[in-house]
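The values are calculated or read from the model by the stated rules, or taken from the named source; none is laboratory data. The structure presented is a predicted model; accordingly, all values stated were derived computationally and were not measured. Note that we place each Cβ from the backbone using ideal geometry, even for glycine, and neighbour counts take in every protein chain shown.
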Amino acid sequence: MNIKFNQLDRGYRKYKTEYDQAAISTLESGIYILGNKLAEFEKEFASFCGAKYCVGLNSGLDALTLAFKALDIGVGDEVIVPANTYIASILGITNNGAKPIFVEPDEYHNIDVDSIENKLNNKTKAILAVHLYGQSANIKKIKALACKHNLYLIEDCAQSHGAMFKSKTTGVWGDIGCFSFYPTKNIGAFGDSGAIITNNPQHYEKIKMLRNYGSKVKYQNELLGTNSRLDEIQAALLSVKLKHYDELRKEREHIAQRYLNEIKNSKIALPRIRAGSDHVWHLFVIKTKQRNQLQEYLAKNGICTQIHYPLPPHLSLAYSHLGFKKGDFPITEEYCDTIISLPLFEGLLDSEIDYIIWIINKY
Ligand SMILES: Cc1ncc(COP(=O)(O)O)c(C=O)c1O
């Protein structure tokens, strides 16, 4: 058997007629940027998250970058961020000239809340919480800390669409929630796109202007903005996907539950879920000391896997100027060396899940 890590065409085929109709009707409308399709999707996505406002953008990175920009966080400011995250979380901070202050993860791979307080000083302006792999971080406690120290709270929900903590969706705990709709994401578009959500009308208005060259009225540019407008076709396609969210979520849950119940191998640690946290299974990440051997063994047996992520941002060449070295964040670094993500995507067949489980249990 040959199983890819992701096969996006299967997701497309599942609702092909609806996607085709959405794309064609947008093409026929003659309106391709900032039209009704975007306005509708923004309304639907805000309501899905339980937020007042949503602004559609070009990517998850733009969402993060514009969130910090809207809050006037920049040069001289520090932002608390998990060391264990995708580099985009850090870029959102440094794109504004602010400094990332890394914090080690807990056993659920999200920021260790107890390690935040001793990293705060009078330059700290915000906490960026990341809900990694689809599991909500310990956001209620993070929110309490942010309130106690008068800090902004931004959430990176690129991997946590629809995940709740207690009875509130990720993205509405903080001041601004940032989303990516990159095609492999749980609610994935058919190209790059992203969004922010917020309950604050000032943040909403400002990010709406920032995404459109800093203007509210055409050719009257009040802010130094950018071009980050989620286009009409992607918005129309995202509305289709959002409509099917419950089915898509159940499908991911089914695959994850099968892995959790049926993978039985003493060399492998399965993911754990925090009480109160919801997991929407963007990624199914297992851990093993013999990670490279396991990855080779799976590849030899026709199963593609990925590592999320093999190198933490503090050790990447791009951030060498920050002066970190191996050993500075040992928990994060240990995760990078021992984690491996199994295939989990829309359209993964039960026969393929059977095979993956069988091969892993034989290892
Ligand atoms: C945690 C996290 N944050 C931010 C991003 C950035 O999203 P995008 O690729 O849409 O810019 C990603 C995308 O992979 C991500 O996983």
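Data for the structure
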quantity: The one condition in (1) in a loop (DSSP other than H, G, I, E, B); (2) more than 12 Å from the ligand (Cβ to nearest atom) that His203 fails to fulfil; calculated: (1)
quantity: Residue list for the stretch 269-286, filter: under 21 Å from the mean Cα position of the chain (by Cα) and surrounded by fewer than 18 Cβ atoms within 10 Å (Cβ to Cβ); calculated: Leu270, Arg272, Ile273, Arg274, Ala275, Gly276
quantity: Tally of residues being within 16 Å of the ligand (Cβ to nearest atom) and farther than 13 Å from Asn110 by Cα across the stretch 154-172; calculated: 7
quantity: Residue within the stretch 59-68 that is modelled with pLDDT of 95 or more, farther than 17 Å from Arg229 by Cβ and over 19 Å from the mean Cα position of the chain (by Cα) present; calculated: no
quantity: The stretch 195-234, residues that are touching a strand residue (DSSP E or B) at 6+ places or on another chain (Cβ under 6 Å), small (Gly, Ala, Ser) and surrounded by 19 or more Cβ atoms within 10 Å (Cβ to Cβ); calculated: Ala195, Ser228
quantity: Qualifying residue in the stretch 301-319 (condition: among the hydroxyl-bearing types (Ser, Thr, Tyr), surrounded by fewer than 18 Cβ atoms within 10 Å (Cβ to Cβ) and without any contact (Cβ under 8 Å) to a residue 60 or more places away in the chain); calculated: no
quantity: Which numbered condition Lys218 fails, given (1) basic (Lys, Arg); (2) touching a helix residue (DSSP H, G or I) at 6+ places or on another chain (Cβ under 8 Å); (3) more than 16 Å from the ligand (Cβ to nearest atom); calculated: (2)
quantity: Where Met209 falls short, out of the listed (1) away from the ligand (no atom under 13 Å from the Cβ); (2) in a loop (DSSP other than H, G, I, E, B); (3) touching a Lys or Arg at 6+ places or on another chain (Cβ under 6 Å); calculated: (2)
quantity: So Asn6, is it surrounded by fewer than 23 Cβ atoms within 10 Å (Cβ to Cβ), closer than 15 Å to Ile196 by Cβ and within 16 Å of the ligand (Cβ to nearest atom); calculated: no
quantity: Close pairs from the stretch 272-290: first under 16 Å from Gln159 (Cβ atoms) and not assigned by TED's automatic domain parsing to the domain that holds Phe165, partner surrounded by fewer than 21 Cβ atoms within 10 Å (Cβ to Cβ) and hydrophobic (A, V, I, L, M, F, W, C), Cβ under 7 Å, at least 6 apart; calculated: Asp278/Met164; His279/Ile273
quantity: Cross-chain or 6+ apart pairs with Cβ under 8 Å, the stretch 170-192 first and at pLDDT below 95, then more than 10 Å from the ligand (Cβ to nearest atom); calculated: none
quantity: Some residue of the stretch 180-188 being charged (D, E, K, R), surrounded by fewer than 22 Cβ atoms within 10 Å (Cβ to Cβ) and either under 26 Å from Ala256 (Cα atoms) or within 13 Å of the chain's Cα centre (by Cα) (or both); calculated: yes
quantity: Filter result (within 19 Å of Tyr309 (Cα to Cα), within 15 Å of the ligand (Cβ to nearest atom) and not aliphatic (A, V, I, L, M)) within the stretch 50-105; calculated: Gly60, Pro82, Asn84, Thr85, Tyr86, Ser89, Gly92, Pro100, Phe102, Pro105
quantity: Identity of the residue in the stretch 119-147, over 19 Å from Gly92 (Cβ atoms), of a type outside the set (A, V, I, L, M) and in contact with a helix residue (DSSP H, G or I) (Cβ under 9 Å, 6 or more places away or on another chain), that ends up farthest from the ligand (Cβ to nearest atom); calculated: Lys141
